[in-house]
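Take a look at the structure set out below.
What follows is calculated from the coordinates using simple rules that are stated; it is not laboratory data. Keep in mind it's a predicted model, so treat the numbers as computed, not measured. Neighbour counts run over all protein chains shown; Cβ positions are idealised from the backbone, glycine included.
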Amino acid sequence: MAEMTDLAQALGDLDEAMAVALVEEKLARGLEPLAILQELQLGMNLVGERFESGEYYLSELIYGADIFQKASAPLQELLQGQAQEKLGTLVLGTVKNDIHDFGKNIVATLMRANGIEVVDLGVDVDWAAFVQAIKEHQPQLVGMSCLLTTAFDAMKETIQAIEAAGLRDKVTILVGGGPVDENTREYVGADRYCRTAQDGVSAAKQVLGVG
Amino acid sequence: MQEQATFTPPPLYAERMQRLQTAIACGTPDRVPVSLVMDSFAARTMGLKLSEFVSSVDVAAQAMLGTLEKLGDVDSIQFATYAPDVLGLLWLAPVKVPGRELPDDTQWQLDEQVRMQQEDYGRILDMGWSAWLGEYIGKYLGAAVTAAQALAEANPRWVPEYVKRGYVVLSPLTVDHPFEHLCGARTVKEFTLDLYRIPEKVQAVMDLIMVEKREQARQLVRSFGPMGYWVGSWRTAPEFLAPKLWDRFVWPYMKELVEIVVEEGGTPILHYDANWDREIPRLKELPPRRCVLALDSKTDIFRAKKILAGHMCILGDVPPGLLTVGTVDEVRAYCRRLLSEVGPDGYIMAMGCAIPSDAKFENVKAMVDSVHEV
């Protein structure tokens with residue numbers, strides 16, 4: 001576990017002004033952008049831990065993720081073109097016949113903030129697009145979201161298609177969203193049910209061997 | 001609650017109304033009553049495409065009534081008819097509807113985008129809520145207004161049809177929280193960020209909306225009388241918000257709207273989706289034995305009962321996912337637990353939120369029949 005820093009603590013405490021100012025100050029002092037980004041990721045870990053312990057709620061996850069994006073924006077510009085260490089890759093989408101994107105978007109933001117590369121396929125994604133993205137990006141993880149029970153069958157079909165393409169044993173499939181529960185996971189044939197976006201991050205880290 | 005028709009309702013209606021009234025007052029009726037929310041499930045049951053179901057409020061009402069008849073001994077339905085476009089007036093976002101924007105048999109969905117900009121808070125404060133809303137509706141929500149008018153016209157025709165057949169229409173009208181409007185127009189993400197970054201402005205707008213809301217709520221209940229009124233919660237659920245935000249932006253407004261409905265003789269139906277565990281004890285601040293807490297399966301209903309026993313009737317919460325992918329035996333087992341641990345006093349058997357369109361008919365029937373099996 002990396003050591004807590006002033007910047008990580010500021011983000012963990014949702015002190016937006018302090019987090020933004022510290023990034024500027026550290027850049028001005030000549031610190032490596034990648035090292036500063038890692039401090040911010042540590043701060044997001046703190047936000048996630050506080051969410052898991054019940055101290056923080058979804059609003060704090062959203063705010064924390066937004067502070068992360070805002071504070072890391074100048075770093076991302078400097079880091080463009082540089083190889084960044086990533087923990088793994090997640091192909092993510094809201095399944096066919098469902099256009100809800102909020103849950104999926106918060107998962108994408110939190111995963112990225114935790115060092116996981118996200119290939120976001122968007123909403124109303126059919127099985128063929130999932131299969132194609134798995135072939136192309138070779139992720140360790142696939143995430144599917146839905147807010148409608150009518151999309152359960154789309155999840156099931158997608159997972160069957162992944163299996164038919166011979167890719168099922170190459171990925172761990174996470175599912176989540178409003179009506180999804182453990183019964184749904186079993187019905188659609190996924191590996192993990194994630195009750196919250198943060199659950200998804202924890203599951204992903206476990207799968208990647210860093211949780 | 002009082003009877004809803006000017007003609008003499010059949011004895012079956014009186015019996016069911018008595019059962020519901022006893023449960024709402026936290027008493028123990030002759031058996032636990034059943035109250036359903038259904039829309040697209042009725043379409044499936046009656047063999048209609050969703051595009052047909054949404055084509056007219058009369059088609060929808062006919063399908064809903066027909067579904068009740070097929071299900072057997074159901075005491076009550078919460079809405080007499082349905083038009084999904086009307087959701088747009090709650091969340092200030094247009095609805096994509098089958099046969100119009102979506103394929104014929106696809107579930108309708110809210111098309112949530114950032115339509116209200118941050119500078120609109122200032123405009124609302126300058127123009128007033130009604131003027132701003134009128135402008136917004138003109139731009140985005142024409143179909144929602146048409147749907148609301150159609151429902152207002154259909155309810156007086158259809159409620160008596162249900163009553164004649166002995167069904168109580170529990171809560172055909174709604175009283176909406178200002179948070180839901182703003183959150184829908186801004187989107188969950190942007191509105192959440194507003195709560196952190198410009199809290200004073202958001203609160204000023206919510207206070208301004210409430211000036212109109214409290215008067216509208218009072219007039220609504222005075223006009224339609226002592227029936228049930230949905231005072232719902234979707235994005236205002238405690239699971240989504242830090243306590244300091246919830247205490248400031250949700251609860252004071254919610255409590256006031258509930259109290260107004262009660263003061264005017266209505267029965268607030270607290271249709272609370274998502275997880276309310278954290279704030280269940282706060283519900284003891286609401287008037288005793290006058291409200292119905294309707295849970296969607298995300299809140300621990302068994303714990304809620306322990307906290308609210310004798311204070312508030314509870315409705316719910318057979319999980320939508322269980323009705324869809326579960327077996328009859330699983331549904332029966334869950335219902336038995338509800339009947340023994342949440343009932344028999346102060347309890348109404350129901351689905352969590354609404355019956356999903358792809359629920360298995362036999363599972364819904366098992367839920368309805370469960371109240372006779374104890």
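Considering only Cα atoms, the convex hull volume of region B:1-112 works out to 128 Å³ per residue. Averaged over peptide B:240-249, the number of partner chain Cβ atoms lying within 10 Å of each residue's Cβ comes to 3.
Using R₀ = 25 Å, calculate the FRET efficiency as 1/(1 + (r/R₀)^6) where r is the Cβ-Cβ separation of residue A:163 and residue B:341; round to 0.05. E between residue A:163 and residue B:341, to the nearest 0.05, is 0.05. Residue order for B:267, A:149, fewest other beta carbons within 10 angstrom first, comes to B:267, A:149. Taking other C-beta atoms within 10 angstrom as a stand-in for reagent exposure, A:20, A:180 fall in the order A:20, A:180, fewest first. For chain B, relative contact order (Cα pairs under 8 Å, six or more residues apart, normalised by length) works out to 22 percent. I need the P(r) histogram for region B:278-344: all alpha carbon pairs, bin width 10 Å from 0 out to the longest distance, whole percents. Spelled out per bin, shortest first, that is 20, 51, 23, 6. Helices assigned as whole DSSP H runs in chain A whose Cα atoms extend at least 20 Å along their own long axis and whose mean Kyte-Doolittle hydropathy is -1.0 or higher are found at A:33-52, A:58-79. Roughly how many Å is it from the Cα centre of region B:135-203 to that of region A:37-92, as a whole number? A separation of 35 Å, based on Cα centres. The stretch between residue A:27 and residue A:182, if pulled fully straight at 0.36 nm per residue, gains 51.2 nm over its current Cα-Cα span. For region B:79-146, the residue among B:97, B:110, B:137 whose Cα projects farthest onto the positive side of the dipole built from Cβ charges is B:137. Computed over neighbours whose Cβ is under 11 Å from that of residue A:32, the net charge equals +1, Lys and Arg +1, Asp and Glu -1. Electrostatic tally near residue B:53: other residues with Cβ closer than 13 Å to its Cβ, Lys and Arg +1, Asp and Glu -1, net -3. Modelled spin-label separation between residue A:137 and residue B:328, with each label point placed 7 Å from Cα along the Cα-to-Cβ direction: 4.4 nm.
For region A:156-197, trypsin sites (Lys or Arg not before Pro) meeting the loop criterion (DSSP other than H, G, I, E, B) and having at most 16 other Cβ atoms within 10 Å: A:195. Building the convex hull from the alpha-carbon atoms of chain B and averaging its projection over directions returns 16.7 nm². Taking Cβ atoms as reference points and 15 Å as the exclusive limit, the residues near residue B:331 contribute a net charge of -3, counting Lys and Arg as +1 and Asp and Glu as -1. Once you have a ≥ b ≥ c as the square roots of the Cα gyration tensor eigenvalues for region B:71-136, tell me rounded if a/c is under 1.5, and otherwise prolate or oblate according to whether a/b is larger than b/c. Note, shape of region B:71-136 comes out oblate.
Restricting the calculation to Cα atoms, region A:6-79 yields a radius of gyration followed by a Dmax of 11.8, 37 Å. Take the alpha-carbon centre of region A:121-174, take the same for region B:209-286, and report the distance between them in whole Å. Answer, in whole Å: 40. Loop-located trypsin sites (Lys or Arg not before Pro) across region B:222-298 with a Cβ neighbour count of 16 or fewer within 10 Å are B:289, with loop assigned by DSSP. Per residue of B:269-278, other chain Cβ atoms within 10 Å of the residue Cβ number 1 on average. Measuring between their Cα centroids, region B:17-46 and region B:327-374 lie 11 Å from each other. Just the number: Rg to Rh for the protein assembly as shown, Cα atoms, Kirkwood Rh, two decimals. Taking Rh as the inverse mean 1/r over Cα pairs, Rg/Rh reads 0.98. Rg to Rh ratio, region A:88-207, alpha-carbon atoms and Kirkwood radius? With Rg and the Kirkwood Rh in hand, the quotient comes to 0.91. Can you list which of the chymotrypsin sites (Phe, Trp or Tyr not before Pro) found in region B:154-262 are DSSP loop residues with at most 14 other C-beta atoms within 10 Å? Qualifying residues, ordered by number: none. Pairs exceeding a 32 Å alpha-carbon distance, out of B:244/B:298; B:213/B:365; B:255/B:306; A:205/B:49; A:135/B:360: B:213/B:365; A:205/B:49; A:135/B:360.
In terms of other Cβ atoms within 10 Å, B:171, B:51, B:297 run from fewest to most in the order B:51, B:297, B:171. Which of A:59, A:72, A:145 ends up with the largest GNM mean-square fluctuation for chain A, with Cα atoms connected below 10 Å? Among A:59, A:72, A:145, the largest GNM mean-square fluctuation belongs to A:59. Each residue, residue A:85 and residue A:210, gets one label point 7 Å from its Cα in the Cβ direction; the gap between the two is 0.8 nm. Inter-chain Cβ neighbour count for B:167-173, averaged per residue, equals 0 (cutoff 10 Å, partner chain atoms only). Would chain A count as rounded, prolate or oblate if I go by the C-alpha gyration tensor, calling it rounded below 1.5 in a/c and otherwise prolate when a/b exceeds b/c, oblate otherwise? Prolate shape, in that a/c is at least 1.5 and a/b is the bigger ratio.
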